[in-house]
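Report on one structure; see the data block that follows.
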Amino acid sequence: MAATTSPLQTVDDRLGERIADPRIFVIFGASGDLTKRKLLPALYHLEQSGLLPENLVVVGVARRDLFASFAPEMREGILKGGGVSDDDPKLEAFINRVRYFATNFDDDLGFETLRLFLVNLDEEFGTWGNRLFYLAVAPEYFADIIKRLDDHGMASPNGASDKWTRVIIEKPFGTDLESARKLNDEIDVVLSEDQIFRIDHYLGKETVQNILVLRFANGTFEPLWNRNYIDHVEITAAESIGIEGRGPFYERAGVVRDVLQNHVMEVLSFVAMEPPDSFEAGAIRNEKLKVWRSIKAIPVENAVRGQYGPGEVDKKDVVGYRQEDRVDPESNTETFGAIRIEIDNWRWAGVPFYLRAGKRLEKRLTEVNIVFKQPPTDLFQTSPSGQGLESNVLTLRIQPDEGISHTFGTKVPGPTTNVSQVDMRFSYADAFGKTSANGYERLLFDAMLGDATLFTHRDGVEATWAIFTPLLEAWAKDRDTGFPNYSAGSWSPEAAERLLQREGRSWRKL
């Protein structure tokens, strides 16, 4: 039985002696669920691992009056986040460095008062004037908040050259190519690109980061990682939950904007990129960008959209999307998408990548399947089993039960040559112990250090929007979709199955 590790045991090993500088970590939109469930637990996991300075202060900023309740609620969130006991001696000291500030995001007087509040905290805690702002707010507030930070002298460090100011921005970064460019232009007026950290929480997941290690730290896989040996690649991001009361948001977004354009494309870039010159941010970003810019335009016939109807998930009856709270009863928003793409470069020419993502599917699961080509001749076609070998598959499980498996054929013991598929499996939990880390730890710590390796550059944002915007525009012109076209608790619309069947393939059973 594997031991339970500290939340960041493997991160400790990787980061060595690096400790973040003193700073004030300011979270705009701190009354939202993200702060309590993810950000504060992640920060405290870093605290437990000795990676944060003693003079770090957390300031939550939101519009509501939460002065009395904010710190106790954050304490509750940390305890629920796991890996923390109620009598942890570090916990009270950490909570004593949590503050709250109330202001409307369009209130200039409020921003000036915030500036003075932070200066006073600098003097009280010795935070050196360093600032890390996290915008956990609706996208329409991004540019306005950053402009007001600049108007009130908080967007760039004052005084000594060793001070710094950085801003973390939650997705979505625009809703199409035009809006993404506009947002980037507005932000770039105030901040330099090395101050901007566009965060995608998928890149905090160990298995996503491990794709690069699997490929480039092992001699086994990289020689086979190309069109000569790989038949196709499948990337699935499935959720069993619905929209969880976020009707207005999802009506504007849909699954392409919410998952495929960002999370799935990030995973795809790690699978498909060339070896970078180094593990520095610029080298990795350049290789990812080359992948995205090599993707051919997506014909409408290579894309399937769906919307869930009523069904059963986890043995419970659930409503369809159009019956969800604050959703148009005739909504044309897609909750499922399946897309066939091609990467037009030397490594991947002719290898299809099949991407799918959706809400209210049978189970929660994100994984990559690398399906290898069959041998040129099938020696076992006439075996007593009556079946030849299935394809070898390398599966990268991102969530849940993070790990890697390799499926291959082997002879069943006995006097006849019967062939059976077997798996070799690696599990993170079995190898390294269970962890309560939630994926934000690495990303927040890297932002504190100024390491942008796992964050998105504006060029990458615009490159991925350039891929999907024509498809979204084509779908917007054609509302005849026959929604709903899959039941909640199923795997996909029938058209998604046909997307592969027309080429003699089928989705891997998950």
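Bridgeable lysines around residue 163 (alpha carbons under 26 Å apart, same-chain partners fewer than 8 residues away excluded): 147.
For region 28-89, the solvent-accessible area of protein heavy atoms averages 41 Å² per residue (probe radius 1.4 Å; ligands and nucleic acids excluded). Between the helical axis of 440-449 and the longest alpha-carbon principal axis of the chain there is an angle of about 50 degrees. Look at the Cα gyration tensor of region 295-341: its axes a ≥ b ≥ c give a/c of at least 1.5 with a/b at or below b/c, and that counts as oblate.
Please work out whether region 70-220 counts as rounded, prolate or oblate from its C-alpha gyration tensor, where a ≥ b ≥ c are the square roots of the eigenvalues and a/c under 1.5 means rounded, while otherwise a/b larger than b/c means prolate and anything else oblate? Cα axes put region 70-220 in the oblate bin. Of the DSSP beta bridges with both residues in the chain, give the percent that are antiparallel, rounding to the nearest 5. Here the antiparallel bridges make up roughly 55 percent for the chain.
Please sort by residue number the chymotrypsin sites (Phe, Trp or Tyr not before Pro) in region 294-386 whose DSSP state is loop and whose Cβ has at most 15 other Cβ atoms within 10 Å. Don't skip to the end; give the middle numbers.
On the way: sites: 308, 321, 336, 346, 348, 353, 354, 372, 380; in loops: 346, 348, 380.
Filter output for region 294-386: 346.
Helix 177-188 and the longest principal axis of the Cα set of the chain meet at an angle near 30°. In this structure region 313-370 gives 43 Å² per residue of accessible area when probed at 1.4 Å with all protein chains present.
If the only charges are +1 at each Lys and Arg Cβ and -1 at each Asp and Glu Cβ, what is the size of the charge dipole of the chain around the Cα centre, to the nearest 20 debye? Don't skip to the end; give the middle numbers.
Values: 60 positive and 78 negative charges, 258 e Å.
Charge dipole of the chain: 1240 debye, to the nearest 20.
Taking GluC sites (Glu not before Pro) in DSSP loop states with no more than 10 other Cβ atoms inside 10 Å as exposed sites, the chain has its longest site-free stretch at 18-329.
Amide hydrogen proximity for residue 133: with H placed 1.01 Å from N in the peptide plane, the residues at 5 or more positions away or on another chain lying under 5 Å are 26, 166, 167, 168. The share of accessible area on the chain that comes from carbon and sulfur is 49 percent, using a 1.4 angstrom probe. For the chain, what class follows from the C-alpha gyration tensor (a ≥ b ≥ c being the square roots of its eigenvalues): rounded when a/c is under 1.5, otherwise prolate if a/b is larger than b/c, else oblate? Cα axes put the chain in the prolate bin. May I ask which of 182/363; 38/363; 296/411; 182/434; 359/411; 296/316 have a Cα-Cα span longer than 31 Å here? Over 31 Å Cα-Cα: 182/363; 296/411; 182/434; 359/411; 296/316.
The values are calculated or read from the model by the stated rules, or taken from the named source; none is laboratory data. Every value quoted in this text rests on a predicted model; they were computed, and no experiment measured them. Here Cβ is always computed from backbone atoms with ideal geometry, including for glycine, and neighbour counts include all displayed protein chains. The area values use the complete protein model at the heavy-atom level, side chains included, leaving out ligands, DNA and RNA. Shrake-Rupley method; radii C 1.70, N 1.55, O 1.52, S 1.80 Å.
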